[in-house]
Amino acid sequence: LVPANYTWMFCSESNDRYDYLHSRSVPNAFKADSDVSCNKLIKSSVSKDVVKGVKFRFCLTNSVGSCCISIHLNANTHKDMTPNLLCFQQKPQYQPQLQMIQMTGPSDNDYIYINFKDFEYDRKWEFPRENLELGKELGSGAFGMVVQATAYGIKKPGVSQKVAVKMLKEKHQTMEKEALMSELKMLTHIGHHANIVNLLGACTDSGPVYLIFQYCCHGDLLNYLKNNCERYHKSVTDEMPQVRQVSISVLPFVYLLNYSLQSWCDPESFETPDEQTEDLEALTFDDLLSFAFQVARGMEFLSSKNCIHRDLAARNVLVTNGRQVKIGDFGLARDIDNDSNYVVRGNVRLPVKWMAPESIFQGMYTMKSDVWAYGILLWEIFSLGVTPYPGIKVDHMFYSMIERGFKMECPYYANETVYGMMCKCWALDPANRPSFSKLVSFLCDLLTDREENVGLYLC
């Protein structure tokens, strides 16, 4: 943090400390500042005729601390004086990617993040710590980890369920614990949806804070696509013997539509079997459309709750039985320092290849920047897990290309209709990108048409 105002002042010689009451402004002082790669550079100068025999004290103060140095100039000083002030940089702290916003004006950019710190925690979510048996680690990052666990009675008395537990590392700051508690309160406020990794409970009493989530047995969508790419068939008619056994990839969509409607009324329908079932069916184009549809439904729900995700990507979507996909936020358990998808920009690591131009260059995140990321996620799905912008290094040339409106070519497994939808998501002007509701409607029509065509063919 850099002081907003800085001024040359004459100070009382009797006191080494700066005393505003016994000081006066230096005339004809010049100042300039600039931002370079998120680093603030301040230059300020004053006439040498004014400073002969004056002792200077340079101080920098921000929320983390302060530092001062003293330099004495006499009449014979000719060299440039460049004091080195310490730059205080606060240690990065845990913050969930998923955030709820409150609009403050008519523009999509007029919003503030809602701070749930002072919200009351609803005790109905509290789960007895002694009924939770922690298991193997699923992921670990700079701030925390996610482990597999067994929760006894979290759904029904006497019934155990496999769950995923999100927690901070043993050595953590108080502010990080507060951030995790704020995330817990936000999640209880958002509620459940079929295509979100839903919160099941939490342990906050007498020990570390645990957030208990649904367990998704097939892992993240990125690796699921990569691991199943060899079993891809463009359509179910490519493997007619299996079709006769009604193992048609398009059929789950009928279930999916009914399921989505039912799930609003029946909380039990959010729960999926936690035991992994073997997934031996071929992966088809209709499966890819179904993944895209489900993610759009999840994001439509989050948008309706005024939530923005800020890191929507195949690695943050999880797969469970029945090829149902759920959007999650497990950045806490990701080692971004060793993940090539997160690139250093300024003093932070960001998933630049998934970020909208306004997020990269202006630090603005909105629902429409999530739509841009969704377009990149579509490209991941229909390339079966290829890293976006293949062969292109993230450097000044990449940033220049994005600013000029560069778009990736159609991925190998997409058709022109799907690619056209991706390109709409990548409109440079956020206002020209479709809403998630429009994307849901578009994909629903697309899947319904394909289902009818396949049904007619099979008859």
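The values are calculated or read from the model by the stated rules, or taken from the named source; none is laboratory data. Note that the coordinates shown come from a computational prediction; the quantities given were computed from them, not determined experimentally. Note: ideal-geometry Cβ built from the backbone for every residue, glycine included; neighbour counts use all protein chains shown.
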I need the full set of residues from the stretch 395-420 which are assigned to a helix (DSSP H, G or I) and crowded, with 20+ Cβ neighbours inside 10 Å, in order please. Ile402, Val418
Residues to consider are Ser441, Ser400; find the one that is under 19 Å from Arg297 (Cα atoms) and among the polar types (S, T, N, Q). Ser441
Among the numbered criteria (1) of a type in the set (A, V, I, L, M); (2) in contact (Cβ under 8 Å) with a residue 12 or more places away in the chain; (3) in a loop (DSSP other than H, G, I, E, B), which one does Ile392 miss? (2)
Those residues of the stretch 408-432 which are touching a residue at least 24 places away in the same chain (Cβ under 8 Å), over 24 Å from Gly385 (Cα atoms) and not aliphatic (A, V, I, L, M), in sequence order: Pro430
Need pairs with beta-carbon distance below 8 Å; first residue closer than 27 Å to Ile308 by Cβ and within the stretch 115-134, second assigned to a loop (DSSP other than H, G, I, E, B) and modelled with pLDDT of 95 or more; sequence gap 6+ or separate chains. Tyr121/Thr204
List the number of the failed condition for Lys124; all other conditions in (1) modelled with pLDDT of 85 or more; (2) within 26 Å of the chain's Cα centre (by Cα) hold. (2)
Per the filter on the stretch 325-358, residues free of Cβ contacts under 8 Å to residues at least 40 places away in the same chain, within 28 Å of Ile190 (Cα to Cα) and either part of a loop (DSSP other than H, G, I, E, B) or of a type in the set (A, V, I, L, M) (or both) are Tyr342, Leu350, Met355
Ser206 is checked against (1) more than 19 Å from the chain's Cα centre (by Cα); (2) among the polar types (S, T, N, Q); (3) assigned to a helix (DSSP H, G or I) and fails just one. What number does that condition carry? (3)
When you scan the stretch 154-168, how many residues do you find that are assigned to a loop (DSSP other than H, G, I, E, B) and farther than 22 Å from Gly144 by Cβ? 5
Return yes when Ile392 is within 17 Å of Leu98 (Cβ to Cβ) and either out of contact with any Cys (no Cβ under 8 Å at 6 or more places or on another chain) or hydroxyl-bearing (Ser, Thr, Tyr) (or both) and no when it is not. no
What about Phe361, is it farther than 27 Å from Asn227 by Cα, at pLDDT below 95 and outside any loop (DSSP other than H, G, I, E, B)? yes
